[in-house]
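Notes follow the structure.
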Amino acid sequence: MRRFIEEMRERGLVDEIVEPVSTRFEAAQMAAKTDRILLFRDCGGKPAVMNLTAGRPALAAALGAEEKDLVKRLADASYSGRLNLMGTLEMHPVDLSEIPIMTFFPKDGGPYITAGIVFSRSGEVENASIHRMMVVGNDRVAARLVEGRHTDVMHREALAAGVRLPIAVVIGTHPAVTFASCTRVPEGKELAFAAELMGGELPVWECANGVLVPDAEIVLEGYIGTERAEEGPFVDITGTYDFERIQPVIEFTGMHTKPDPIYHSILPGGNEHKLLMGVPYEPRIYKAVAGVTSVRNVVLTTGGCGYLHAVVQIRKNTQGDGKNAIMAAFAAHTSLKHVVVVDEDINPFDMGDVEYAIATRVRGDRDLMVIAGVRGSSLDPCREGDGTNVKIGVDATMVLGEEEKFVRARWDA
């Protein structure tokens, strides 16, 4: 992570904050005002970084791609990177008060670890995913384990076998590892995907409980057992509060840190949160749309919470391709709420250009698809009590054979 920060500093994308900053609200308020990387030298007395990949240029750089080519590169991933075992990590006693864990909003249930990657191991299978973790003690956190996701399944299987699930929480690693941990990949392939993104090989270390972890500023080793605690409220991707739940507790048994470690924190509902939630779905949508027409790019928009709105750029081959692309996008990412399909001459990253396409190429009686009573995102405040919602697709493409009506005046053509 330090090497990446220095690379971004050379590109002029880092602001270094030398004056003391409070972990209670102040750091979060500063991060909310910019997409630039903020490197705090004194955040609650410790170094910290926020907005590490809050902008697409930084995320693309972290993943070794040009911004315009990012989605296609991710869609072509083979998850074939190699892991290089370097040895074992030495641990010291856990004291979470040594880490500048932040409280972001007034109604938060407590201080939250938001950029901690939970590596969990069951037999030969290792999973990696990010879970929000609320501090409930000096060596304990309550972790939100979404029902049915891999960590939750592994935890339930461990309890059924009468054992605790061994885990390690990694904080402050290279953003390619963080991104890989946010991506739904073949079982146990998160680290291999990270290795592929980072050039083909990734060094890893083994914790005392058998869990493998990448290079990081902070590693917290522990277990998830039978203990549970109240977790929440917490601000989620839509910027609204998620409610309290009773969630599993992670008990930490060891802690490893680099000298003067830099703590990474993600602003809940901020642009880094949105990019890490949404960008991993863009290649899934890209591949699904490629099955029905010629796809050029896919963007999950910041204004759509990085998760609920997609812009799909295609080259139409038949008149129905726009609507086919809409249906493919909804099938690939079931949390999508609204999809806009545009032509090759519309920049999907420019919302003004997308709005122009809607304004000049859409007829409401012909180009809208309204689908009621379907599964939507559990994060959407508009959802019904049974989890269903209404999805809308907008075909903002030109009518084939009538392209001359839509040609925009240009000085170079």
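List of remarks:
- Contour excess over end-to-end distance, with Cα ends at residue 149 and residue 260 and 0.36 nm allotted per residue: 36.5 nm
- Cα shape, region 297-413, gyration tensor, a/c 1.5 rule: prolate
- Pairs over the 28 Å Cα-Cα cut-off, from the set 72/316; 189/316; 107/287; 287/405: 189/316; 107/287; 287/405.
- Here the label points at residue 95 and residue 353, each 7 Å from Cα along the C-beta direction, are separated by 5.4 nm in the simple model.
- Virtual spin-label span in nm between residue 230 and residue 327, 7 Å along Cα→Cβ: 4.8 nm
- Per residue, the chain exposes 43 Å² of solvent-accessible protein surface, assessed with a 1.4 angstrom probe and all protein chains in place.
- Top of 315, 156, 11 by mean-square fluctuation, Gaussian network on the chain, Cα under 10 Å: 11
- Across 16, 147, 201, mean-square fluctuation computed from a Gaussian network of the chain (C-alpha pairs under 10 Å connected) peaks at 147.
- On the beta carbon distance between residue 32 and residue 374, with R0 = 35 Å, the FRET formula returns roughly 0.60.
- Residues residue 243 and residue 18, FRET efficiency given R0 of 35 Å [Cβ-Cβ distance, rounded to 0.05]: 0.35
- Between residue 363 and residue 334, the FRET efficiency from the beta-carbon distance, with R0 = 22 Å, is close to 0.20.
- Fully extending the segment from residue 7 to residue 410 would add 141.3 nm, taking 0.36 nm per residue of separation and subtracting the current Cα-Cα distance.
- Within the accessible area of region 1-130 (1.4 Å probe), percent carbon and sulfur: 48 percent
- Whether the chain is rounded, prolate or oblate, judged on the alpha carbon gyration tensor where a/c under 1.5 counts as rounded: prolate
- The apolar share of the surface of region 225-310, taken as the fraction of accessible area on carbon and sulfur atoms (1.4 Å probe, ligands and nucleic acids excluded), comes to 51 percent.
- Bridge type composition, the chain - antiparallel percent by DSSP, nearest 5: 70 percent
- Under 17 Å from residue 391, Cα to Cα: aspartates and glutamates that are on another chain or at least 8 residues apart: 365, 367, 380
- Charge tally around residue 163: other residues with Cβ under 13 Å, Lys/Arg +1 each, Asp/Glu -1 each, net +2.
The values are calculated or read from the model by the stated rules, or taken from the named source; none is laboratory data. All values derive from a computational prediction rather than experimental measurement. Note: ideal-geometry Cβ built from the backbone for every residue, glycine included; neighbour counts use all protein chains shown. These accessible areas exclude ligands, DNA and RNA; they are computed on the full protein's heavy atoms, side chains included. Shrake-Rupley method; radii C 1.70, N 1.55, O 1.52, S 1.80 Å.
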